[in-house]
1. When you go through (1) more than 18 Å from Ser114 (Cα to Cα); (2) surrounded by fewer than 16 Cβ atoms within 10 Å (Cβ to Cβ); (3) without any contact (Cβ under 8 Å) to a residue 60 or more places away in the chain one by one for Lys2, which number turns out not to apply?
2. Suppose we keep only residues that are hydroxyl-bearing (Ser, Thr, Tyr), buried (at least 17 other Cβ atoms within 10 Å of the Cβ) and within 22 Å of the chain's Cα centre (by Cα) within the stretch 170-204. Which one would you say is nearest to Ala254 (Cα to Cα)?
3. Would you confirm whether or not the stretch 24-34 contains a residue that is assigned to a helix (DSSP H, G or I), assigned by TED's automatic domain parsing to the domain that holds Cys125 and touching a residue at least 60 places away in the same chain (Cβ under 8 Å)?
4. Restricting the search to the stretch 70-84, which residues are modelled with pLDDT of 90 or more, among the charged types (D, E, K, R) and part of a loop (DSSP other than H, G, I, E, B)?
5. Take the conditions under 18 Å from Ile4 (Cα atoms), of a type in the set (S, T, N, Q) and at pLDDT 90 or above and apply them to Thr87. Does it pass?
6. Look through the stretch 94-119, keep the residues that are surrounded by fewer than 16 Cβ atoms within 10 Å (Cβ to Cβ) and part of a helix (DSSP H, G or I), and return whichever of them is modelled with the lowest pLDDT.
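The values are calculated or read from the model by the stated rules, or taken from the named source; none is laboratory data. No experiment lies behind these values; they were computed from the predicted model shown. Ideal geometry is used to build each Cβ from the backbone, glycine not excepted, and the neighbour counts take in all protein chains shown.
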Amino acid sequence: MKRILLPLEETERSLKAVHYIKKNYNPADVEIVLLMADERLGFGVKTEAEAEATKIIEEKLAVIADSLEGYKVKTLAATGKAGVRITRAAKEIGADLVVMTKSSKEDMLNSIGSTAEHVINNCPCDVVIVSEVVSDANAYRGLVYKTASSVVNLRGQLGDKQSECLLPSVDRDCIYRIEVTVGKIRFFHTAYNPDTRNWDLPPTEGQEVTLDIAAGESRDILVKADSTDGKADRIRIVNRDMKKEAVFTYRITAAE
């Protein structure tokens, strides 16, 4: 039986590795070891804060393990530098393979992160980097809304339904009013990068790049009519929770 180490973070990109396992490996052929590390701690003597962080990580890993129904799954909660912890764990458990994504940073499809680079260079076994590039660099596979207002329901990251969407781009300065009724969402505003052919640049100065909005909260967000090479800025909404749904309404009106 092949033993696969699956390093994870609580991000949409990281969880793509879980879907990769489901698609490519039969539960009878593999044992999965889920690893999550908190990089903010773990550089000194074990403290109460580190113990609490480990407990939180264990709870998150348990949720992910439940989504791998039918697979033999173990979990490892750690603190410290992620790259170091991954390579150490691979040696300790005798991993045959490490499966991970290139980077945890949103909208950086063309960059490999420092953690993945460290693992590739130091891991004692083969490393699979899950591909995130679609055939058309400008294609988007999530929900796309084209109306000036709507109610949106986004499922959790581990669900089969969509967990993110694009809101309409604008050709004049507008106010995006977003009100969350269930769960929590993250608002992303990015500009087109002609070098990478992807929306991975921050918008012009004075505009929100990311913003978290929770149930019971509403925000009026100014979005200017900016474009690069004729491609308008992109407004993306993501439900970052693994299991719980998020529901919000939006309304786009012209800014004064």
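1. (3)
2. Our first condition is that a residue be hydroxyl-bearing (Ser, Thr, Tyr); within the stretch 170-204, this holds for 176, 181, 190, 192, 196, 204.
In the following step, the residues that additionally are buried (at least 17 other Cβ atoms within 10 Å of the Cβ) were identified as 176, 190, 192.
If we keep only those that are within 22 Å of the chain's Cα centre (by Cα) too, we end up with 190, 192.
Values: Thr190: 20, Tyr192: 22 Å.
By that ranking, first place goes to Thr190.
3. First, pick out the residues of the stretch 24-34 that are assigned to a helix (DSSP H, G or I): 24.
Next, only the ones that are assigned by TED's automatic domain parsing to the domain that holds Cys125 stay: 24.
This time we only want the ones that are touching a residue at least 60 places away in the same chain (Cβ under 8 Å), so: none.
Checked against the condition, which is being assigned to a helix (DSSP H, G or I), assigned by TED's automatic domain parsing to the domain that holds Cys125 and touching a residue at least 60 places away in the same chain (Cβ under 8 Å), the stretch 24-34 yields no hits at all.
4. Of everything in the stretch 70-84, nothing turns out to be modelled with pLDDT of 90 or more, among the charged types (D, E, K, R) and part of a loop (DSSP other than H, G, I, E, B).
5. Numbers: under 18 Å from Ile4 (Cα atoms): yes; of a type in the set (S, T, N, Q): yes; at pLDDT 90 or above: yes.
Yes.
6. This residue is Ser114.
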